[in-house]
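Here's the structure we're looking at; comments come further down.
The values are calculated or read from the model by the stated rules, or taken from the named source; none is laboratory data. Everything numeric here is computed off the predicted structure, so don't read it as measured data. With ideal geometry, Cβ positions are generated from the backbone for all residues, glycine too; neighbour counts draw on all protein chains shown.
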Amino acid sequence: MPSHYKVKEYCPNVFRNLREQFCVDSTEYLRSLTAYEPEPDQLDGSKTGAPPRLFVSYDKKFVIKSMDSEAVAELHSVLRDYHEYVVEKQGKTLLPQYLGLYRLTIEGTETYLIVMRNVFGRKYNVHTKFDLKGSTVARVASEKEKNKEVPTLKDNDFLEMNEKLSLPDVSSVLVFV
């Protein structure tokens, strides 16, 4: 780890309550996030215009996504409504399960991170990833990306492949409750 770093947690009480609504144990959450140490050069995707970076906790229970400051501001603007909705539904929603929002400062460089539950956890090996936005405008992965061992494809790639998402019964219950 670098010689100087700082972590700031945003809205800790709100996110603690969200974790309770989603039945995420606080001790398990902390263990999952602190047992994994990303390489410092992986945390460079938070600058405006840079693509977000995705990380997975060591136990694959949580996904950590870098965000730029505009995305953080947008999340802050809807957080109250999101929290109220999740509480009203007692955590039973198809919305992403946001569990924590942090700012990591390493050697003066700030990176914003949102933590979400990994719906599929450690049961499945990822062989292809999709960054789906629901749009077909300029939504094709580059050839360089397509040649990667585990490429991140986009909306038009998904449509072109004519693939379907098949979920086993147990996963369907987890996703659609």
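Could you say whether any residue in the stretch 141-156 is of a type in the set (Ser, Thr, Tyr) and either assigned to a strand (DSSP E or B) or surrounded by 16 or more Cβ atoms within 10 Å (Cβ to Cβ) (or both)? Show your work before the answer.
If we filter the stretch 141-156 for residues that are of a type in the set (Ser, Thr, Tyr), which is where we start, we get 142, 152.
Subset that is either assigned to a strand (DSSP E or B) or surrounded by 16 or more Cβ atoms within 10 Å (Cβ to Cβ) (or both): 152.
Yes, that holds for at least one residue.
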For this session: Looking at (1) modelled with pLDDT of 80 or more; (2) exposed (fewer than 12 other Cβ atoms within 10 Å of the Cβ), find the lone condition where Glu37 falls short.
Result: (1)
For this session: Give the number of residues within the stretch 63-90 that are assigned to a loop (DSSP other than H, G, I, E, B) and either outside the structural domain of Asp25 (by TED's automatic domain parsing) or crowded, with 16+ Cβ neighbours inside 10 Å (or both).
Result: 1
